[in-house]
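Structure first, then comments.
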Amino acid sequence: MPAKILIVDDEPAIRRLLRNTLERAGYAVVDANDAREAMLRAVADEPDAILLDLGLPDADGLGLIPLLRAKGDALILVVSARDATDEKVAALDLGAEDYVTKPFDTQELLARLRAALRHRGVSEATQHVVRRGDLVIDLDRRLVQRAGEDVHLTRKEYDVLAVLARHIGRVVTHDRIIATAWTGDDDPRIEYLRIVVRNLRQKLEAPAPVGSVIANELGVGYRLRPDG
């Protein structure tokens, strides 16, 4: 059965574009033009993922995120013209899987949707080994290898990488990474996180990086890029 996607957007042109794009990619599609209809569709159609606009006529989409999550286990990807950093962080902290800013590239949107659906298919509880190209992260053994060679990381470098690996393909906010990797530390700061990520990139991408393994979502957080 193809994955079912619920589009929630009050602009008919955007709904048509998304519907055509998703159906060509093999997804089943339903749509809603406001928050009320979105809630009804979320219950009746049981979608696998929801593409959610924030500027709805009858409610703010941010407030809709926890309500939709309470109605089922659909993944929520925000697709919005709002590009303020605080909006992105709020959406991710409320439970959105990802945030795509309008105008968007349809192929990038499909790639992010595929990554989110793949991640759900392998739950965090059972995803013990994460592979990305020639990079292997064994979360049980705390072992990292690149091209078959061990990569020696500090404890903090491994802790940050492990957070990203458990959410591969998804943005993890700065606050969430710090809260997980700096547990018990007196004074965690975002500057420390940036230093750790810089060191990780040097170790994971050397000697000849082809695109960054760890993507920076400016002002929001970091993402471990999946293959492709």
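The values are calculated or read from the model by the stated rules, or taken from the named source; none is laboratory data. Quantities reported herein were computed from a predicted structural model and do not represent experimental measurements. Here the Cβ positions follow ideal geometry from the backbone for every residue, glycine too, while neighbour counts run over all protein chains shown. Just so you know, the surface numbers come from the protein's heavy atoms only, side chains and all, with ligands and any DNA or RNA stripped out. Shrake-Rupley method; radii C 1.70, N 1.55, O 1.52, S 1.80 Å.
Some points to look at:
- Taking a sphere under 14 Å around the Cβ of ARG15 and counting the other residues whose Cβ falls inside, with K and R at +1 and D and E at -1, yields a net charge of -4.
- Directionally averaged shadow of segment 45-122, computed from the convex hull of its alpha-carbon atoms, nm²: 5.4
- When a 1.4 Å probe is rolled over the protein heavy atoms, the share of accessible surface on segment 35-131 that falls to carbon and sulfur comes to 51 percent.
- Rel. contact order, % - alpha carbon contacts under 8 angstrom, at least six apart, the chain: 14
- From the alpha carbon centroid of segment 48-71 to that of segment 152-175 is 28 Å.
- Helix 106-121 and the longest principal axis of the C-alpha atoms of the chain enclose an angle of approximately 70°.
- With Cα atoms, 0 to 90° folded angle of helix 85-94 axis to the chain main axis: 90
- Degrees between helix 12-24 axis and first principal axis of the chain (Cα, 0 to 90, nearest 10): 60
- Here the chain is treated with +1 on each Lys and Arg Cβ and -1 on each Asp and Glu Cβ, and its dipole about the Cα centre works out to around 680 debye.
- Gain on full extension, evaluated as 0.36 nm per residue between ASP140 and ALA84 minus their Cα-Cα distance, stands at 16.4 nm.
- Percent of Cα-Cα distances greater than 24 Å, calculated over segment 62-179: 34
- Model label sites at ASP73 and ASP58, defined 7 Å from Cα along the beta-carbon direction, differ in position by 2.9 nm.
- Residues in segment 189-202 carry Karplus couplings, in order, of 9, 5, 4, 5, 4, 4, 5, 4, 5, 4, 5, 4, 4, 4 Hz; the curve used is 6.51 cos²θ - 1.76 cosθ + 1.60 with θ = phi - 60°, and Gly or Pro positions show x.
- Of [x] 13.2; [y] 12.6; [z] 11.4, the label for mean projected area of the Cα convex hull in nm² derived from the coordinates: [x]
- Within straight-line reach of LYS102, meaning a Cα separation under 13 Å, sit the following aspartates and glutamates at least 8 residues removed in sequence or on another chain: ASP9, GLU11, ASP53, ASP83.
- Estimated distance in nm for a label pair at HIS174 and GLU108, the labels positioned 7 Å out from Cα along Cα-to-Cβ: 2.1
- Å² of accessible area per residue within the chain, as computed with a 1.4 Å probe and no ligands counted: 50
- Estimated 222 nm signal from helices in the chain, with DSSP H stretches of n ≥ 4 weighted -39500 (n - 2.57), rounded to 500: -13000 deg cm²/dmol
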